[in-house]
Amino acid sequence: MQASTASPPPTGFRIFPGRFDRREQEALRDAVLAAVAAAPLYRPEMPKTGKPFSVLMTNCGTLGWVSDRAGYRYQAVHPVTGAAWPPIPPALLQLWSDVADFPEPPEACLVNVYDADARLGLHRDEDEAEFAAPVVSVSLGDSCLFRLGGLRRGDPTRSLRLASGDVVVLGGEARLAYHGVDRIYPGTSTLLPGGGRINLTLRRVTRAG
Ligand code: MD6
Ligand code: FE
């Protein structure tokens, strides 16, 4: 991780550079590729316009985040195959218990897959009913330039370079902060066959209890 610009991030933003070592990253990669074999990557579309995302997606967990012309939502089945999502890999459940500081387990793990040209526009994760729980993210493969803003779209932003094995937590005030991925740095990791970047985000979707 390498930071640039001045203003402090919102409280509740945490980063754990190199939280997973190479061997752990390989094990996570293999678990994610197995999940992708069961729940194939698909290309989401923007609500209303149907404009395709540059990022490919799938999910693990009892609920998965999807986007199509009808809108953003969580659902229990894959939008193309109609099958239940595969389970969240145990190493990710362990990560959540280690860093989330929340008593209930995550229900969704969104898998974002980036090629060299993919981007993710500035957004907030706000389709969940439980904002007391953080969103916990893991980066695998090529590095990216991650942008973190504030609670309003126009707030100042800062940019961080995230590398394979890094973990980011958006909790507290940062839970509803704007963020996005401006670019991928191709060829910066040998983890993924064919290159690219995978980001895993763990979310609590329903109110706990
Ligand atoms: C990405 N991450 O790193 C996109 N959301 O590819 C996110 O959108 C994200 O990293 C919520 C919390 C952490 C994140
Ligand atoms: Fe997000």
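Assuming a ≥ b ≥ c are the square roots of the Cα gyration tensor eigenvalues, decide whether the stretch 135-209 counts as rounded (a/c under 1.5), prolate (otherwise, with a/b larger than b/c) or oblate. Before the final figure, lay out the partial values.
Details: a/c = 3.03, a/b = 1.42, b/c = 2.14.
Oblate, since a/c reaches 1.5 and b/c is not below a/b.
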For this session: Work through the residues other than Gly61 whose Cβ is under 15 Å from its Cβ and net out their charges, Lys, Arg +1 and Asp, Glu -1.
Result: -3
Exercise. Which of Gly150, Pro90, Val167 sits closest to the plus end of the dipole of the stretch 75-167, meaning its Cα is farthest towards the positive end, when Lys and Arg get +1 and Asp and Glu get -1 on the C-beta?
Worked result: Gly150
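Per-residue ellipticity at 222 nm for the chain, helices alone: DSSP H runs ≥ 4 residues times -39500 (n - 2.57), over residue total, nearest 500 deg cm²/dmol? The partial results should precede the final answer.
Values: 2 runs with 27 residues, N = 209.
Counting only the DSSP helices, I get -4000 deg cm²/dmol.
If you stretched the chain out fully between Glu26 and Ala91, how much longer would it get, using 0.36 nm times the residue separation minus the C-alpha to C-alpha distance? Don't skip to the answer; put the middle values down first.
Numbers: separation 65, 0.36 × 65 = 23.40 nm, distance 1.17 nm.
Additional length available on full extension: 22.2 nm.
For the stretch 117-208, give the magnitude of the charge dipole about the Cα centre (Cβ charges: +1 Lys/Arg, -1 Asp/Glu; no others), in debye to the nearest 20. Don't jump to the answer; show the numbers that get you there.
Values: 13 positive and 11 negative charges, 28 e Å.
That gives a dipole near 140 debye.
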Seminar exercise, completed: The simple spin-label model distance between Thr190 and Arg69, using points 7 Å out along Cα→Cβ, in nm, is 4.6 nm
For this session: Beyond 21 Å, what share of the Cα-Cα pairs of the stretch 103-172 is found? Please give it as a whole percent.
Result: 31 percent
Exercise. Relative to a virtual label point 7 Å from the Cα of Ala38 in the Cα→beta-carbon direction, which members of the stretch 108-139 show backbone nitrogen distances below 20 Å?
Worked result: 108-113, 138
Seminar exercise, completed: The answer for Thr188, listing residues at least 5 apart or on another chain whose modeled amide H is closer than 5 Å to its amide H, is Ser143
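For the stretch 1-72, with all protein chains present and a 1.4 Å probe, just round the carbon and sulfur fraction of the accessible area to a whole percent.
Details: 2370 of 4020 Å².
Solvent-exposed carbon and sulfur of the stretch 1-72 make up 59 percent of the total.
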Problem set entry | Vicinal HN-Hα couplings computed from phi for the stretch 133-146 (Karplus, 6.51 cos²θ - 1.76 cosθ + 1.60; Hz; Gly/Pro x) | 8, x, 9, 10, 10, 10, 9, 9, x, 4, 5, 9, 9, 9
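Starting from the exponent 0.38 and prefactor 2.2 Å, build the expected Rg for the stretch 44-88 from its residue count and divide its actual Cα Rg by it.
Numbers: Rg = 10.5 Å, N = 45, 2.2 N^0.38 = 9.3 Å.
Against the compact-globule rule of thumb, the ratio is 1.13.
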Seminar exercise, completed: Restricting to Cα pairs under 8 Å and 6 or more apart, the percent relative contact order of the chain works out to 29 percent
Exercise. Does the stretch 1-69 classify as rounded, prolate or oblate by the C-alpha gyration tensor (a ≥ b ≥ c root eigenvalues; a/c under 1.5 gives rounded; else a/b over b/c gives prolate, otherwise oblate)?
Worked result: oblate
For this session: Kindly report the accessible area of the chain per residue (heavy atoms of protein chains, probe 1.4 Å, no ligands, DNA or RNA), in Å².
Result: 46 Å²
Exercise. So how much slack lies between His123 and Ala83, counting 0.36 nm per residue of separation and subtracting their Cα-Cα distance, in nm?
Worked result: 11.6 nm
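Determine the share of the stretch 76-170's accessible area contributed by carbon and sulfur atoms, expressed in whole percent, with a 1.4 angstrom probe. Please report the intermediate quantities before stating the final value.
Working: 2080 of 3810 Å².
Carbon with sulfur: 55 percent of the solvent-accessible area.
For the chain, rounded, prolate or oblate, judged on the Cα gyration tensor with a ≥ b ≥ c (square roots of eigenvalues), a/c < 1.5 rounded, else prolate if a/b > b/c?
Working: a/c = 1.19, a/b = 1.10, b/c = 1.08.
In terms of gyration-tensor shape, rounded.
State to the nearest 20 debye the size of the charge dipole of the stretch 63-155 about its Cα centre, where the only charges are +1 on K and R beta carbons and -1 on D and E beta carbons.
Working: 7 positive and 14 negative charges, 70 e Å.
With Lys and Arg at +1 and Asp and Glu at -1, about 340 debye.
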Problem set entry | Relative contact order (%) - criterion: Cα under 8 Å, at least six apart; region: the stretch 109-209 | 46 percent
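Note down the magnitude of the dipole of the stretch 1-75 about its Cα centre, charges +1 on Lys and Arg C-beta and -1 on Asp and Glu C-beta and zero elsewhere, to the nearest 20 debye.
Working: 10 positive and 6 negative charges, 49 e Å.
Dipole about the Cα centre, nearest 20: 240 debye.
The values are calculated or read from the model by the stated rules, or taken from the named source; none is laboratory data. Please read all numbers here as calculations on a predicted model, not as lab measurements. Positions of Cβ are backbone-derived with ideal geometry, glycine not excepted, and every protein chain shown enters the neighbour counts. Side chains included, ligands, DNA and RNA excluded: accessible areas come from the protein's heavy atoms. Shrake-Rupley method; radii C 1.70, N 1.55, O 1.52, S 1.80 Å.
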